[in-house]
Amino acid sequence: LLNKSWFSPWALPKALNSILRAIGNVAFSNNPISGAMILAAMFVGNPTVAWACLLAGVIGIVFGKVLKQPEALINDGLVSFNGILVGCISVAVFPSLTGHDIDAKFWAILALFLVISSYVDIGLNAIMSPCRIPALSVPFNITAALMLLSLRGGAGLTGTHLPDPQHDTADLTIDTNTTETMQQEEEDVQWLKVMEGTLLAAGQVYGVGTIDSSILVYLAFLLFSPLLTIFFYMGSVIGTVAGVFLCEAPYTAVYQGLWGYNSLLTSGAMVYFLVPTPSALLAAVVGSVLAVVVQAASSHIFVAMTVPVLSYPFNVASLLLLAISTTTENPALLWTPIKTF
Amino acid sequence: LLNKSWFSPWALPKALNSILRAIGNVAFSNNPISGAMILAAMFVGNPTVAWACLLAGVIGIVFGKVLKQPEALINDGLVSFNGILVGCISVAVFPSLTGHDIDAKFWAILALFLVISSYVDIGLNAIMSPCRIPALSVPFNITAALMLLSLRGGAGLTGTHLPDPQHDTADLTIDTNTTETMQQEEEDVQWLKVMEGTLLAAGQVYGVGTIDSSILVYLAFLLFSPLLTIFFYMGSVIGTVAGVFLCEAPYTAVYQGLWGYNSLLTSGAMVYFLVPTPSALLAAVVGSVLAVVVQAASSHIFVAMTVPVLSYPFNVASLLLLAISTTTENPALLWTPIKTF
Amino acid sequence: LLNKSWFSPWALPKALNSILRAIGNVAFSNNPISGAMILAAMFVGNPTVAWACLLAGVIGIVFGKVLKQPEALINDGLVSFNGILVGCISVAVFPSLTGHDIDAKFWAILALFLVISSYVDIGLNAIMSPCRIPALSVPFNITAALMLLSLRGGAGLTGTHLPDPQHDTADLTIDTNTTETMQQEEEDVQWLKVMEGTLLAAGQVYGVGTIDSSILVYLAFLLFSPLLTIFFYMGSVIGTVAGVFLCEAPYTAVYQGLWGYNSLLTSGAMVYFLVPTPSALLAAVVGSVLAVVVQAASSHIFVAMTVPVLSYPFNVASLLLLAISTTTENPALLWTPIKTF
C-alpha cells in the first residue's frame, strides 16, 4: 500500500489506512485494526469527535503531501496524529469554554487550525531534531491552546470567565470546573470510582469519557501489544491514585479518568520507545509519577487561563525521560532500534 | 567600507552605514538608503524614538566589537538591530506603563539594557545555533520585557496596575488599554479605518504609528525590494483583517495597525529567508494567520502582566515555519542560499 | 578513591567524598573540605537543612548508579548537587508556603522528589547537550517548583493563598511576603543592613540565612579559590545594591541577602567556566546585573503562583552568557579547558 500512487484508485484505501494508523499512533498503536476499533469507540462515545477525527486525518494527509513529508511517515499517520488530537479534543472540550456551537463556522475554524497544526508539527520536530527526541504531541498542545485562547478572545471572554452555561458536552474540562458543578459529591474517596477512573483514562486520551468507549480503546491497545497495554494500565493506576492525594474533594476529575491519561501515555511511551528492561520499567513508574506531578503543578497555571492541561504533562515527563537514552556512552535506557511488536 | 579600520577617519561613515543597515534589517531591508528613510520616518513620527535608535546603534557597534563579533555582521547591523528595537519601543511605549519620564535617568537605564541586549543577542543565537535558525528578534523581546518589568517593580507597580495617567505618548500600548480610553468609538467595524490599520502596521514595527511615517517606511521597503514589500503588505492585510474577528469592539487597536505588524513581519520573513516558490507563498499566508492567532492567544497572558505582546507572535510563527526548511531531505521550503535582492 | 568499588569497605568514604563535593559544587567549589565547611554551616544555621542535604546526597548517588552515570561525575557529586538543592530549599522554605510540618510524610515526599530530580537532571542535560552548555541548577528549579506546587494543590491552596501562619521557619520567602510581615521596618535604606545582605547572600544559596553560616560558607569558598570568592562577593554586592533600586521599601528581602545570591552565583559561574580575562570580568559584571534584572522582572510572574524565584535568575543569566563562549570562531569568552584552581 505504501508504494501505490496517491493518484490511483488506491488513494481511498491508502488514506483510510493512514488515518486509522494515525488514530492508533496517538497512543503508540501503529495498526489500522486498532485504529478502527478506537474510531468505533469515538462513534460510540461521541460521534462528533469521530467526524472531527476523520476531517483531521484528511487534512493531515493533504498537508503532509503539500509539505513534502516522507511517504513512510504519511503512511503510518505520523504526520496527522497531532491534528487528530486537535480535532477530537476541540469538539469535545472547547464549546463549554468558548460558548461556540459546533456549526459550520466552527468546522471552518477547526479546518484552519488543522492546517496550522501541520506546519507547527513539522516545524517543531525540526527544531527538536538536534536533541534526537520526537516532538510527541507537543504540536497538538500548542495548536489546541492557540485555538482555544483565540476563540475565547473572539467571544470576548477574558481571564477565567466562562460562557453562559448552555453547553454541557465537555468531557475533559479542567478540575475546578467539574468540582464546582458537582459539589453534591461525597467528600470521602470512593475507591470503586477511582478504579473506574483508571479505565476511563483510556477514553480521555481521545476526549471520549464513557465506559464502553474506554473498554473498546483498551481492547484496541491489547490487540496491538499486550505488553504496551500492561504499561498503559499501570500508568493509569499510578496517575489516578496519585490524583486522589494531589487534589481536594470532591474527586470528580479523578473518577472521570482525567488524572490518569497523562501517566498512562507516559508509561506507554517508555516501553514503546525503550528496550523493555528493568530500567525501562523503573522509568515508566517514575515517569507516571512525574507526569501526574507536572499535572498537579501546572494546573495552577493553566486554570488561570481557563486552558485544560491537555497532554502537556505527558509530553514534559516523556521528553525528559526519553532524553536520558540519547546520552552517548552506555545509557541506562536504550532506545528501541526498530519498533516492532 | 567593510575593510576599513574602525580606528581611522572612516569610523564615522562605517558606523553610520552599520546603524542604517541595522534599522533596515529590523524588517529584512539590508540597505543604508532604506535605513535612512526609516530613520527619517522616526524623526517625522516621534523624534525621541529616532534618538533612542541612534544611541542603540552606537552601543550595538561598541559591544559588537567588545564581544568580537565578525566584521561582516557588524557592518550589516545584524549585531545591533535587536538593540535598536529595544531603544525604539522602550521610549515609545514604556512611559505610559511605568510612569517614568524620558529624562537622564531613563536614558542611563536604557543604555544599561542596550548593553544587556548585546549579550542576550549573541548568547541566544549561540543557544539556537544547533537548530540552524536565527534568533530573529527574540533577544529584543526578552530584553524589552525584562526592562519593562524591572521598571514597573522599581516604580512599585504590580499586577495590572497602571501609573497615574500623566503620560499619553504610547503608540504601541496593549489593546485593553486603548479600548478603555476610547470607548466613544463606534461598535461597528469601520473598514476604511481597518485599511488605514494595514498601512499603520509598517510604522508600528518601529513604534511610530502615524500615517506619514508609515508611508515613508513602506517606500523604504519598496526601494529595497518590491517583492518583499508585496509580501509585507499581504501579511499586514491578513493580520489586520483577522484582528477584527479575534478581538471585540471597539477596534481601536486594529485601526492603529497593532494587529498587523506581526503578520507583516512573518510574511516578509518567509520571502526573505526562503526561495520564493508557491510553497513559500502558502507558508507566508499560513504564517500570517499563525502570527495573528499567537497574538490573540498570548495577549491573554501578556495582559495579566501589563506587557505588550511586542513582536513575540512574529518570532514564534516565523521560527516554527522557517524550521521546516531545515529538515534534511528535500524540504518543501528551501532556505535562500545567498540573500540578494 | 575514584577507582575503589562501591561494594567494598570504601563505599562509606567514597559516598562521603561525593556528597561533600556535591555540596561544594552547588557553588562551583569542588573540594570535600569546602563541602564539609558548608555542611557545618548548615548544621549551625538550620540542622534540618543539613539532614535533608545528606538524604539528598545518598539518593543522588544511588540513582546516579541506577542510571549508569560515569563514575567521575558521581565522584565529583555532579549527579547529586541539584538534589541537594531540592533537599535544602524544600525544608527551609516550603513549610511556610504549603502549611506542611517536616514530619515522616514530608521526608517520604521529599525522597520521592529527589528520585524525580535525578531523572530530570540527566534528561535535561541530555536535551541541552547540543548547545554544549550544562544545565546548571535548572533541574533543581524545575523539581522544586513541581514539588511546591504539588504540595500546595494537595493542601487545597490555590492562587496566592498562604497557609495559616503557624510556620515561621522560612528563610528564602518571596519578597511580598516578607514585606507584608515586617511593615514596621523603616522606609529609608539602611546601607549597613544592605552590606549585611551581601554577606547573607552566601548562606541563602543553601537556604540558611544566618550571619555565622554565611561567614562559614565564604570561608569554604576562600579555601577552594580566592579568585572565585572575589567574583562571588562582587556579584553579591552588585545584586544586593541593585535590589535596593528594583524593589520598594521596606527592603527586608534585600537585607536578608535574597537579592544577592543569584548575582553571586552568576558572577562566580563566569570565572569558573571561562578563562579569567578582562572580557570574563566584564561578563561577570553584566551577568550580575542581568541576573538581578531577571529576578526583578520574573518575580512579577512567580509571585502570582506563590513560588519563590529560586535560582532561576542565575540560570537564565549564566546560560545566556556562557553560550557566547560556544560560538565557533574566536569567541570573546573562552571556555576553561580543564577546571583546576
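Of the numbered conditions (1) more than 26 Å from A:GLY154 (Cβ to Cβ); (2) of a type in the set (A, V, I, L, M); (3) outside any loop (DSSP other than H, G, I, E, B), A:LEU78 satisfies every one except a single condition; which is it?
(3)
Kindly provide the set of residues from the stretch A:94-108 that are in a helix (DSSP H, G or I) and buried (at least 18 other Cβ atoms within 10 Å of the Cβ), ordered by number.
Hits for the stretch A:94-108 are A:PRO95, A:SER96, A:LEU97, A:THR98, A:PHE106.
If C:ILE127 satisfies all but one of (1) of a type outside the set (Gly, Ala, Ser); (2) facing chain A (nearest Cβ under 10 Å); (3) more than 16 Å from C:GLY60 (Cβ to Cβ); (4) crowded, with 23+ Cβ neighbours inside 10 Å, what's the number of the condition it fails?
(4)
Return yes or no: is A:LYS65 in contact with a Phe, Trp or Tyr (Cβ under 9 Å, 6 or more places away or on another chain), within 14 Å of chain B (Cβ to nearest Cβ), surrounded by fewer than 18 Cβ atoms within 10 Å (Cβ to Cβ) and farther than 25 Å from A:ALA202 by Cα?
For A:LYS65, the condition - in contact with a Phe, Trp or Tyr (Cβ under 9 Å, 6 or more places away or on another chain), within 14 Å of chain B (Cβ to nearest Cβ), surrounded by fewer than 18 Cβ atoms within 10 Å (Cβ to Cβ) and farther than 25 Å from A:ALA202 by Cα - is met.
If you go through the stretch C:260-272, how many residues are in contact with a Ser or Thr (Cβ under 6 Å, 6 or more places away or on another chain) and either surrounded by fewer than 24 Cβ atoms within 10 Å (Cβ to Cβ) or within 12 Å of chain B (Cβ to nearest Cβ) (or both)?
Here the count works out to 1.
For residues that are more than 8 Å from every other protein chain (Cβ to nearest Cβ) and part of a loop (DSSP other than H, G, I, E, B), scanning just the stretch A:283-309, find the one that is modelled with the lowest pLDDT.
Within the stretch A:283-309, the match that is modelled with the lowest pLDDT is A:THR306.
May I ask you to list pairs of residues, at least six apart or on different chains, whose Cβ atoms are under 7 Å apart, with the first in the stretch B:235-251 being within 20 Å of A:ARG152 (Cβ to Cβ) and the second being in a loop (DSSP other than H, G, I, E, B) and of a type in the set (Val, Ile, Thr)?
Pairs that qualify, where the first residue is within 20 Å of A:ARG152 (Cβ to Cβ) and the partner is in a loop (DSSP other than H, G, I, E, B) and of a type in the set (Val, Ile, Thr), are B:VAL244/B:VAL189; B:TYR251/B:VAL189.
In this structure, does A:GLY239 turn out to be assigned to a helix (DSSP H, G or I), within 14 Å of chain C (Cβ to nearest Cβ) and within 22 Å of A:PHE140 (Cβ to Cβ)?
Yes, satisfied.
List the number of the failed condition for B:ALA50; all other conditions in (1) within 14 Å of chain C (Cβ to nearest Cβ); (2) crowded, with 19+ Cβ neighbours inside 10 Å hold.
Here B:ALA50 clears every test but (1).
Mind telling me which of the residues B:LEU258, B:LEU310, B:LEU320 ends up being among the hydrophobic types (A, V, I, L, M, F, W, C) and more than 29 Å from B:SER150 (Cα to Cα)?
That would be B:LEU320, the only listed residue that is among the hydrophobic types (A, V, I, L, M, F, W, C) and more than 29 Å from B:SER150 (Cα to Cα).
What residue, of B:ILE102, B:ILE33, B:ILE38, is more than 15 Å from B:THR143 (Cα to Cα), under 17 Å from the mean Cα position of the chain (by Cα) and more than 10 Å from every other protein chain (Cβ to nearest Cβ)?
B:ILE38
Considering C:PRO276, C:PRO250, which residue is modelled with pLDDT under 95 and surrounded by fewer than 20 Cβ atoms within 10 Å (Cβ to Cβ)?
Exactly one residue qualifies, and that residue is C:PRO276.
Answer yes or no as to whether C:ILE238 is under 22 Å from the mean Cα position of the chain (by Cα), surrounded by fewer than 18 Cβ atoms within 10 Å (Cβ to Cβ) and not basic (Lys, Arg).
So C:ILE238 does not fit the description; no.
Residue check: is A:VAL26 within 30 Å of B:LEU322 (Cα to Cα), crowded, with 22+ Cβ neighbours inside 10 Å and either of a type in the set (A, V, I, L, M, F, W, C) or without any contact (Cβ under 8 Å) to a residue 12 or more places away in the chain (or both)?
yes
If I ask for residues that are buried (at least 22 other Cβ atoms within 10 Å of the Cβ) and touching an Asp or Glu at 6+ places or on another chain (Cβ under 8 Å), which ones from the stretch B:68-92 would you list?
B:VAL79, B:ASN82, B:GLY83, B:ALA92
The values are calculated or read from the model by the stated rules, or taken from the named source; none is laboratory data. Everything numeric here is computed off the predicted structure, so don't read it as measured data. Ideal geometry is used to build each Cβ from the backbone, glycine not excepted, and the neighbour counts take in all protein chains shown.
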